[in-house]
Amino acid sequence: MKITGFVLVLGLLCTGNDARAQESRMLATCRPASERTGPVGCWIIAHERLGEMPAAPLFWHLSTYASRTAADAEKVRGATVVEALDKVWMLAIAPTGSRTPGGTRVAEIGPLVVKAGTSYTAQYMEAIFPPGARTRPHTHPGPEAWYHEAGGVCLETPEGRDFGRAGDNGFIVPADRPMQLTVVGKEQRRSLVLILHETGKPASGFDTNWMPKGLCNE
């Protein structure tokens, strides 16, 4: 399993070459879906309180449905129905091999390392960004994972760098791991993102003293 991830802050895209170059260096916080103003950005689409975690290894299960009505009718306990990347999804945190009723199975990403007996909340996001968008250094109080539908990314951590592309079977970065993410290549990045964080703690933190070496600039 590759170590990588996504975050809550990314560069914005503007029209025009000068504006695009200037805005690509800017940072913007992920916003609730209710504040969405366009297709490009990082949008928080759901929160799901999951309660205390079991000792068994857990995985992120992703399935698509033909309609929101069909997904809502088959929603199981602990699962979340969202609309993102032009599809209807059922997202669930469960042991390996678990199945949600109906739908089309897309991915099983894990294992997600959590503290047994500790309560967690799943924050789900839709992330759509252009090449060159970059996060600031940050951490999460729990594992972060993404399902990568299109585009490419480079993730730098204290351990080095890693790359993620569409077709990979998901990516995970452990809790409290400092990171910086850069969108690379020529294609727009389109991802579903999970931050599985301890309930009561912020999903993302920026008080890290780690400074990236610019490995994703090479």
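All of the numbers you see were taken from the coordinates with simple rules; none came from a lab. Everything quoted here is computed from the prediction, not taken from an experiment. Virtual Cβ from ideal backbone geometry, glycine too; neighbours counted across all protein chains shown.
Over the chain, Cα pairs under 8 Å with separation of 6+ residues give a relative contact order of 25 percent.
Shape annotation for the stretch 108-186: C-alpha extents along the principal axes are 43, 26, 19 Å, from largest to smallest. Taken over the stretch 61-173, the ratio of Cα radius of gyration to 2.2 N^0.38 Å equals 1.14.
With the simple spin-label model, which puts each label point 7 Å out from Cα in the Cβ direction, the Ala116 to Ser67 separation comes to 4.4 nm. Over the C-alpha atoms of the chain, the Rg to Rh ratio, Rh being the Kirkwood estimate, stands at 0.95. Lysine pairs in the chain whose alpha-carbon atoms fall under 24 angstrom of each other, counting only those eight or more residues apart or on distinct chains, come to 7. For Val114, nonlocal amide neighbours, meaning residues 5 or more places apart or on other chains whose placed amide H falls under 5 Å from its own, do not occur. Using Cβ point charges alone (K and R +1, D and E -1), the dipole size of the chain about the Cα centre works out to roughly 80 debye.
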